[in-house]
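Report on one structure; see the data block that follows.
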Amino acid sequence: MSDVTRLSAAALASALADGDVTSLQATQAHLDRIGAVDGAVHAFLHVDADGALAQASAADERRAAGGELPELLGVPIAVKDIATTKGLPTTAGSRILEGWVPPYDATVVARVRAAGLPILGKTNMDEFAMGSSTEHSAFGPSHNPWDLDRIPGGSGGGSSAAVSAFEAPLAIGTDTGGSIRQPGAVTGTVGVKPTYGGVSRYGLIALASSLDQAGPVTRTVLDAALLHDVIGGHDPLDSTSIDTQWPSMAAAARAGDISRLRIGVVKELGGEGYQTGVRTRFEESVQLLVDAGAEVIEVSCPHFELALATYYLILPSEASSNLAKFDAMRYGRRVAPDGVRDPSAEQVMAASRKAGFGDEVKRRIILGTFALSSGYYDAYYGQAQKVRTLISRDFASAFEQADVLVSPTAPTTAFRIGEKIDDPLAMYLNDIATIPANLAGVPGMSLPSGLADEDGLPTGFQILAPPLEDARLYRVGAALEAMLVDRWGGPLLDQAPRLEVGL
Amino acid sequence: MTTPSHRTVPDVVAYDEAVARYDPVMGLEVHVELNTASKMFCGCAAVFGAEPNTLTCPVCLGLPGALPVVNGKAVESAIRIGLALNCEIADWCRFARKNYFYPDMPKNFQTSQYDEPIAFEGYTDVDVDGETVRVEIERAHMEEDTGKSLHVGGATGRIHGASHSLVDYNRAGIPLIEIVTKPIEGTGVRAPAVAKAYVAHLRELLRGLGVSDVRMDQGSLRCDVNLSLRASADAKLGTRSETKNVNSLRSVERAIRYEVSRQAARLDAGERVVQETRHWHEDTGVTTSGRVKSDAEDYRYFPEPDLVPIAPDRKWVDRLRSALPEPPAMRRGRLQTDWGFSDLEMRDVLGAGAQSLIEETVAAGASPASARKWWLSELARRANDAGMTLAELPITPAQVAAVQGLVDAGRVNDKLARQVLDGVLAGEGEPGDVVTTRGLEVVSDDSSLSVAVDRAIEANPDVAAKIRAGKVAAAGALIGAVMKEMRGQADAGRVRELVLEKLS
Ligand SMILES: [Zn+2]
């Protein structure tokens, strides 16, 4: 094996199955890569070398014992630090959880463990998943391997950076308004937000319960499908989990078919405000699909114009309540108030929250507290829920005309670290094309569509499908990916600068 | 008049004066802890009295990432309570989050119901000293209990003056049903009695449903009392106080009396009643001010996004409705007629919580009068001595009926029967076994009794002479002597017959 870290998860799985490499070797290779480049990339908040190697050995033993084996057995993975991991620190990118070691595994983590994927470590993120750049991580930003001065997207920038820097073939992300898809777009990787209720939320530290969804972060569409099959499916511990028999996403990706497909280009998700290179690459991809036999129509979703405003009422409202539990009473960092003798519980709570939460978290807690206040509830939260219903109706009527909807994933390529940190509204605009899917609970995928001519940075192509039709994303995404890779003469990430050891 | 008013406002005015001048309006909020096996939103056991913090998990501790799952049995109990209170059952309802910070609340929000309760618009008919008073029910909704704080180091066990607090989360997440009445108006001087009767009625109804232990002393039934006064029945409602911690039937009555007297004193003085939470003190019989309800108190309710709506199947609701037990008042009336008890006797039975026990004892073959006698005298005394309720005594209604059966068969007399009860309560087995092992059977063999009677006559010639002379009443002394010799194991009736035969 030349360099196992360059392999896709599917290719590594084949190599493992063929006995060309052991999980221990593959896991060690990824740990070495992390050791070499993560000083520059800062994708990880915590690396669990001992744990990963032990799990790798166990995977090798399991393979040696034979029998029916999970396809991804022995393929290492990185997990966003928002999912609880028994015995491994979990901070959600916040000081307030510094040092907390959960006593239980999130369902997605339990499923990954059961399928025999060694967990390399926990990836960086904007604090409590609030942000589009990882600059709001209390532990410093992650860097985009395409240009280390730029952001790798957010909130799941650690996962996208890890995968694009070849530190891990697979990662788990969560997507509340685009936190899987936008990082995928700006790092040239694949990210999928499943149908709301498709993947268990049990053990994911909640940002906005009605929007959060975990999903795969990978370098290929097939890899995403394989991981989706591992983590998805009904979980009785999550009341919002959908109890249905899901089709195999991997089978859909392998089928990769777009014949007779009706593609709806969403009028409201493009044009003005989208970078030229992003638009060009998007239009090229649409043309590729047309050339391959798909039918393209333009669809209008008029209420998408209100999506951002709606999102920024619903998200902070739910977050203000979800984050109330971080009070330093039972776990997490406790701070005594200055100059108070024998402080009360309330004073300790206030001091700990003041010291433990970053500015963006405080901003959203204040927004949400206000939006839910009596006298304002109807005008803000109540109204936002109504608009949310209208957005769902827009999707429903668009999906009567088209099998999938498409748009650029993010309006721009990766911006420079620090460029938007003082302008929250500019930051929020990054998710303008991804947010509607969260509001309506529909599944969405971002895959690379090329590099923008003006800056040579990756652009993303978003595919949206009706609720429960996640398999359709993989069928379409895999077909488009094949045509694009063919055109590029290899994976897009082959064009990324090599991060040299010792950087 | 220029006299400056320096008089101090009295704390309270006499209750009779207060109700003569003002019309009290009450609202009662009763929290009932359900006796489901597990908690409202997780699989932890829902039991009272375990070691602190042993019945917890990520969900009821509110750990990051944990999610709730609704306990279906609790929903069923909530619906049955709603139906028993003649409520409408919602076709569709949701949980909501009630947001506020408190250390004994793990998530810093309580998962409750807000504007979509599972049951609403009902009523229940309460017997108040023989008269029926209809109490309208506004709603019955589901929620979770909080943990329990113990404030250590202070003199009173209250947070004020405590050096630190301990929190037990075993109670956190136990299913609660909150039953809220509409304003109870027009009760006048009887307001405290009506409130007490309502809570007692509710307790009986819930016990009959089998949904809760309804132990006010253990907090499985808790009552908050809202009270306001107004000048007359047609005046608009006055400002109310909400008195918490009213945790016995007697306290419900006393707390309302006190609040009527206190608020009347304020109003008499031309002051306003402050809208606030007050705490009832069982020991001193007064309420004291808690936190003032203000605009700052905003729970920011919103629908719980971690749970899906509850839409009870109508057929299920109908099945639950048809399987409801007989309403307490109806059952009480039926049993009283069947048993032939006077109102007074029935009241004693109810007061002792013995209705079901007597019912089962009668079903096991005892006469109603004997069943009442055993439960309300002998066993009530023992329960009282042991600090137990009647139902908690280690004896079953069937065993009590068996003891009475032994008496009816003449195998033991009343005095021996009490010893049989002792044996059963001490775990010595069934009544028949206790008679055998303790050797308690009455001596019915006339030959040995006859010898004993002869001996008694010989030893008490004076008494014997009186009886021969026709003073039959004197026989008691001889019977006593015989019984003493037989160590109580004789049928006193037979002894009397023998004495009179021999001396006739
Ligand atoms: Zn629990």
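Readers should treat all values here as calculations from the given coordinates under stated rules, not as data from a laboratory. Computed from a predicted model, the values in this text were never measured in an experiment. Counting neighbours? That spans all protein chains shown, and the Cβs are built from the backbone with ideal geometry, glycine included.
Structural remarks
- Within 10 Å of the Cβ of each residue in B:67-80, the mean number of Cβ atoms contributed by other protein chains is 2.
- Qualifying lysines (Cα of each under 27 Å from Cα of B:LYS502; at least 8 residues distant if same chain): B:LYS415, B:LYS466, B:LYS471, B:LYS484
- Hull volume per residue, based on the alpha-carbon atoms of chain B and their convex hull, is 238 Å³.
- Nearest-0.05 FRET efficiency for B:LEU344 and A:ILE366, computed from C-beta distance (R0 56 Å): 0.30
- Point-charge dipole on Cβ atoms (K/R +1, D/E -1) for chain B, about Cα centre, debye to 20: 600 debye
- Cα centroid of region A:361-388 to Cα centroid of region B:161-236, whole Å: 33 Å
- Cα→Cβ-extended label distance, 7 Å offset, between B:GLU297 and A:ASP32, nm: 6.7 nm
- Spatial offset of region A:8-24 relative to region A:100-128 amounts to 22 Å, using the alpha carbon center of each.
- The charge dipole of chain A, taken about its Cα centre with unit charges on the Cβ of Lys, Arg, Asp and Glu (plus for the first two, minus for the last two), comes to roughly 960 debye.
- Each of B:GLU33, B:GLU378, B:GLU392, B:GLU17 has some number of other Cβ atoms within 10 Å of its Cβ, and from fewest to most they run B:GLU392, B:GLU17, B:GLU378, B:GLU33.
- Helix B:446-459 axis, angle to chain B major axis (alpha carbon atoms, nearest 10°): 80 degrees
- Pair-distance profile P(r), taking every C-alpha pair of region A:281-322, with 5 angstrom steps and integer %: 6, 17, 14, 12, 11, 11, 11, 10, 7, 2
- Estimated dipole of region B:326-438 in Debye, rounded to 20 [Cβ of Lys and Arg +1, of Asp and Glu -1, Cα centre]: 200 debye
- Per-residue average of Cβ from other chains inside 10 Å of A:339-346: 2
- Against the main long axis of the alpha-carbon atoms of chain B, helix B:414-425 sits at an angle near 50°.
- Share of pairwise Cα separations in region B:112-210, more than 20 Å, in percent: 57 percent
- Sequence of A:ARG472, A:ARG254, B:ARG314 once ranked by neighbouring C-beta atoms within 10 Å, starting from the fewest: B:ARG314, A:ARG254, A:ARG472
- The ratio of the alpha-carbon radius of gyration of region B:220-341 to the globular-protein estimate 2.2 N^0.38 Å is 1.55.
- Dividing the convex hull volume of the alpha carbon atoms of region B:15-316 by its residue count gives 146 Å³ per residue.
- Taking a point 7 Å from the Cα of A:VAL290 along the Cα-to-Cβ direction, the residues of region A:252-271 with backbone N closer than 12 Å to it are A:263, A:265.
- Ratio of Rg to Rh for region A:193-237: 0.97 [Cα atoms; Kirkwood radius as inverse mean 1/r over pairs].
- Compactness index (Cα Rg / 2.2 N^0.38 Å), region B:446-503: 0.97
- Shielding by other protein chains, A:201-209, mean Cβ within 10 Å: 4
- For the protein assembly as shown, the Rg and Dmax computed from alpha carbons only, in angstrom: 37.9, 137
- Within the same chain, aspartates and glutamates fewer than 8 places from A:LYS362 are excluded, and of the rest, those with a Cα less than 16 Å from its Cα are A:ASP126, A:GLU127, A:GLU135, A:GLU318, A:ASP327, A:ASP422, A:ASP423.
- Compactness of region B:326-438, taken as the C-alpha radius of gyration over 2.2 N^0.38 Å, stands at 1.05.
- Rounded to 10°, Cα long-axis angle of helix B:492-502 versus longest principal axis of chain B: 20 degrees
- Filtered GluC sites (Glu not before Pro), region B:437-504: DSSP coil and at most 16 other beta carbons within 10 Å: B:GLU441
- For chain A, the Rg and Dmax computed from alpha carbons only, in angstrom: 21.5, 74
- Here's how it looks for B:GLY173: its modeled amide H is under 5 Å from those of B:ASP145, B:THR146, which are all 5 or more places away or on a different chain.
- Calculated over region B:1-142, the projected area of the Cα convex hull averaged across directions stands at 15.5 nm².
- Arranged from fewest to most other beta-carbon atoms within 10 Å of their beta carbon, A:TYR380, A:TYR474 become A:TYR380, A:TYR474.
- Measuring nothing but how far apart in sequence close Cα pairs (under 8 Å, 6+ apart) lie, relative to its length, chain B scores a relative contact order of 14 percent.
- Listed residue (A:LEU237, A:VAL296, A:ALA384) projecting farthest to the positive dipole end of chain A, Cβ model: A:LEU237
- Region B:326-438, relative contact order [Cα under 8 Å, separation at least 6], %: 21 percent
- Positive dipole terminus of the protein assembly as shown, leading residue within A:ASN322, B:ASN245, A:GLY332 (C-beta point charges): B:ASN245
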